[in-house]
Amino acid sequence: MGQQIVNGLFLGSIYALFALGYTLVFGVLDILNLAHQAVFMLCAYVALALVVHLHLPMPIAFPLAVVAGGLLGVVVDRLAFRPLRGRSDSNISGLISSIALATILEALALQFFGPDVERFPFGIVPDRSLRLGDAVISELQLVIIGIAVSMLAVLTWVLRRTTLGRRIRAVAENPVAARVLGVNVDRVIASSFFVSSALGGAAGVLFGLAFNSVSPDMGRTVELKGLAVIILGGMGSMPGAAIAGFALGLLEVFTVAKIGSSYRDAVAFGVLFLVLVVRPRGLLGPAALREA
Amino acid sequence: MNGESLRDLWLTYQSTVAFIGLNGLLALSVYTTLSCGQLSLAQAGFMALGSYASAILTLHTSAPFPVVLLAGTLVPAVVAIPLGLPVLRLKGVFLAIATIGFGEVVRIFFVNLDFTNGALGLVAIPQRTGLVAIYLALAGALFILWRIRGSRAGYALEAIREDEPAARTMGIHASAYKLSMVVLGAGFAGLAGALDAHFNFIVAPANYSFGRVVDMLVYAVVGGTTVFYGPVVGAAFLTLLPEVLREVGSRVGLQPGPLRLFVNGLVLLLVILFLPNGIVSLPRRVRRWLETRRAAAHAA
Amino acid sequence: MRLVSCSVAAAIALLAHPAAAAETVKIGAVFSLTGNAAAYGAQQKAGVALAADEINKSGKLPGITLEVVLEDDGTSPQQGISVFDRLINMNKVSAIIGPTLSTLAEAADPRAQAQKTPVVAVSNTKPNAITTIGDYIWRVSLTEAQVIPSAVDIARKKLGFKTAAILYGNDDAFTKAGFDVMKSSLEKAGVQILGIQTFSTKDRDFNAQLTALKGLKPDVLLVSALVEQAGSIAVQARQLGYTGPIMGGNGFNSTKFIQLAGPAAEGVLVGTAWNRASLDPVNQAFIAAMKARGVDPDQFGAQAYTGVLVIADAIRQAGLKGGRDDIKAGFAKVKDLPTPLGKFSFLPSRDGDHPAAVQIVKSGKFEILE
């Protein structure tokens, strides 16, 4: 029982980290960035390459990969979203162009890395475990949960206490007014993409480490679960995404333990539906849903 | 080209021709909701329902093929009603997400249904679909959409697409129209599913994933969603492209899998950025570009 | 001087062009080179290439050159069907080897059967299927129903387990079929099944399922999975503190499994259709030749290699005729053919027949469990 709680928190921390980036971009742009999962996947490969080919230790490779993810996010914005800003149907067309970019990135990964599942070399992270009662938690799992929580804290601090954060919130509230007030909207949006994709990239590296597998299609299921998380948490709400991420992780694990593993994925979508039909704004979303 | 090599060419590519027809029908099913401004991505789920319903009928009863097809069309159409009512209240992206969720729920439902062998699906379905059936269905769908286009309903749909709140104030029952389009799209997808099941011998949940509906969306968008035949053009183009690419790719030493994916993505990106009204708008664009050049030359 | 160089040139010309025109028999090879099953496809590609080269060089089929036309099925049924159509009608192959997974075979083989083209399944292991599609479909790979029961028995005699738990992938034909056979073998052996859990081929996190099964304290854990997940499952099981024996189905039968699972692979048991430790000269020569090409062979490579040997023998049995119906008729005559898998024959059901074994992973390598 305790072990399952550990499993759930662990899985949930990765969902939360992934969803944070997702919901940040939605909060700012009212757009779902479906290329997020491709960045998630590519960062895992970047970290893998740094570790395997440049022999960098993980504590150095990880931040490098995360920064790479942020930069990749800026590229995504430049290629897929910025050219469409101003178009009347920019939400739907933005969605579609992000799908297109995700497909391109996945194809590139397939071509250059091959379709096989890779894993990080053994011994790259310490192998120790702790016993808490009848549960086993590995050092790696603790670190991952810790990173997820601290990234959430950092993000919240950035949004509340820094100038950048203020500007991001201004653009999220009303881009036109922000521009009038002298905010460089394009640059703020690019920064949001940087932060969002850095988070997504971090989630990717941690996922690859956690489950010993890196493959070009690793983003696909997480992407769909991520949707459930941001809907449950409330679109645009960081704390919501974090809470919902952990909640979904726990829910999935307990579904497997009590009901049966075949329904594991159904839980995410069941929750998605329920929330959309009963309370579309989710747990902590804004009271009035803007025209999406 | 002599007769024999023509025949061989035909046999080799007959499945491609069939897939063009099926993909065209699927693209139209996504288009029906796009035409009134809603992005509904539930079509993979509807297709699955149509495939399974028709396959079950064929395998367990001796129903004639047209009846089987009818069942495949009606089952998803009926399911679309209780799905559509709550979900059409949602705006834009939320509708898209909800419908993606629906598609996944259907897929997982079938993965867990022992009656249909769960994930393994139904196999050895007799091949009752021929090219005639596929293209008749496609023609039928195109006909329906063509009739809607020029009618009062068609204008209402366009008004909804342009500006829904304004349309409502003008007295258009937006909800009823949107629901009808969802139901129509579900019927198209179900029909395509039924035809597909009886062409490919198998029905398995893996065929009805999120990736499938993304493909359908890509066909529709690349072809063009401002005219009713646009999606079919897109489907034909994107179904033929991998076949052409296979030849090119193997000569250049690229893997066929990634190459097809890459080109699909690239074509979609280029279209959405530079040719938002799809391939069908290309002739007009080119003509206009030529005219401006001619005018500039004259002015000079 | 000119006379000498002329005769040298003439001699070279004569040696380069044999007197009789060589007939080319095309064999289509359809494997998963991309997609979930790509690890297996890579081995199969190497096995087929090696076999064809060796046969062409050895002159075993005088006057006939085997040409392998390789295609990728992308682990996708639609692609598999298109590729089959191309090979049959465009390339006009005399036979097809593959596809890699049973799921695809069920979709594509009927087309070959309808167009009267023989298919040799070299890695489809779903029992009571594949060869049931029709009389042009033949199978070299042993089905799970042929390998698992004896593997379970051998393992039970050696380890003496009384209870078991099973974890399997429920959305792939092969892993599901493996599960069905595991369940019935355990039941027949009188082993009590304490719990069953499932996962899907896209899953990467098995902690929940493994924790649930571990909590039941089974004597042995049976897993039916494709290789990429097999690796993760072994690692996560050990990480959660499960120390009991793990036994895998055919999906574990790949050096990729050892590579992915690392230390967690130690002691894992796998039933196999290929006894790599066999000292049979045909087997040893095969292993050496593959290693010389930079490939550490596994069961999939051995089976694909054998597939080509079987086709070549069928051609020989049919009187050195390489047409589709010649090959089909020749299959029926293949008997005790020396292959890396052992002496090979076809059963009346057109399934393969040769002895199976159990392997255990020791020091990062597969060894036969005696």
- Task: Tell me, please, whether a residue that is over 18 Å from B:V93 (Cβ atoms), in contact (Cβ under 8 Å) with a residue 24 or more places away in the chain, more than 14 Å from chain B (Cβ to nearest Cβ) and in contact with a Leu (Cβ under 6 Å, 6 or more places away or on another chain) can be found in region A:250-268.
- Result: no
- Query: If we scan region C:272-281, do we find a residue that is within 19 Å of the chain's Cα centre (by Cα) and outside any loop (DSSP other than H, G, I, E, B)?
  - Reply: yes
- Tally the residues that are in contact (Cβ under 8 Å) with a residue 40 or more places away in the chain and either closer than 15 Å to C:D53 by Cα or open to solvent by 10 Å² or more (accessible area, probe 1.4 Å) (or both), restricting the search to region C:306-325. 12
- Message: Considering only residues that are assigned to a loop (DSSP other than H, G, I, E, B) and open to solvent by 10 Å² or more (accessible area, probe 1.4 Å), which ones fall in region C:85-112?
- Response: C:M90, C:N91, C:K92, C:S94, C:L101
- Query: Somewhere in region C:55-70, is a residue surrounded by 24 or more Cβ atoms within 10 Å (Cβ to Cβ), not in a strand (DSSP E or B) and not basic (K, R)?
  - Reply: no
- Selection within region C:340-368 - surrounded by fewer than 21 Cβ atoms within 10 Å (Cβ to Cβ), aliphatic (A, V, I, L, M) and more than 18 Å from C:E144 (Cβ to Cβ): C:I360, C:I368
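For (1) within 21 Å of A:L142 (Cβ to Cβ); (2) touching a residue at least 40 places away in the same chain (Cβ under 8 Å), each residue gets a yes or a no:
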{"position": "A:L181", "(1), (2)": "no, no"}
{"position": "A:F194", "(1), (2)": "no, yes"}
{"position": "A:A202", "(1), (2)": "yes, yes"}
{"position": "A:G233", "(1), (2)": "no, yes"}
- Message: I want to confirm something. Restricting to region C:202-225 and keeping residues that are closer than 21 Å to C:S102 by Cα and facing chain A (nearest Cβ under 10 Å), which single residue is most open to solvent (accessible area, probe 1.4 Å)?
- Response: C:K202
- Screening B:A235, B:A206, B:A220 for residues that are closer than 19 Å to C:L104 by Cβ and either open to solvent by 30 Å² or more (accessible area, probe 1.4 Å) or under 11 Å from the mean Cα position of the chain (by Cα) (or both) leaves only B:A206
- Give the residue, chosen from C:T65, C:T75, that is of a type outside the set (D, E) and more than 17 Å from the chain's Cα centre (by Cα). C:T65
- Looking for whichever is part of a helix (DSSP H, G or I) and open to solvent by 40 Å² or more (accessible area, probe 1.4 Å) here; the options are C:Q303, C:Q259. Which one fits? C:Q259
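Residue-by-condition table, conditions (1) touching a Gly at 6+ places or on another chain (Cβ under 8 Å); (2) of a type outside the set (D, E); (3) modelled with pLDDT under 85; (4) more than 16 Å from B:I202 (Cβ to Cβ):
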| residue | (1), (2), (3), (4) |
| --- | --- |
| C:R111 | no, yes, no, no |
| C:P127 | no, yes, yes, yes |
| C:F174 | yes, yes, yes, no |
| C:I196 | no, yes, no, yes |
- Exactly one of B:L195, B:L142, B:L191 is surrounded by fewer than 19 Cβ atoms within 10 Å (Cβ to Cβ) and modelled with pLDDT of 85 or more, and that residue is B:L142
- Taking region B:202-227 as the region of interest, how many residues are under 19 Å from B:C36 (Cβ atoms), in a helix (DSSP H, G or I) and either without any contact (Cβ under 8 Å) to a residue 12 or more places away in the chain or within 11 Å of another protein chain (Cβ to nearest Cβ) (or both)? 4
- Message: Here is a list: A:V117, A:V143, A:V149. Which entry is in contact with an Asp or Glu (Cβ under 6 Å, 6 or more places away or on another chain) and either away from chain B (no Cβ under 14 Å) or at pLDDT 85 or above (or both)?
- Response: A:V117
- Task: Restrict the check to region B:244-261 and report whether at least one residue is closer than 30 Å to C:S102 by Cα, touching a strand residue (DSSP E or B) at 6+ places or on another chain (Cβ under 9 Å) and surrounded by 23 or more Cβ atoms within 10 Å (Cβ to Cβ).
- Result: yes
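The values are calculated or read from the model by the stated rules, or taken from the named source; none is laboratory data. Keep in mind that what you see is a predicted model, and the values were worked out from it rather than measured. Ideal geometry is used to build each Cβ from the backbone, glycine not excepted, and the neighbour counts take in all protein chains shown. All accessible areas refer to the heavy atoms of the entire protein, side chains included, with ligands and DNA or RNA removed. Shrake-Rupley method; radii C 1.70, N 1.55, O 1.52, S 1.80 Å.
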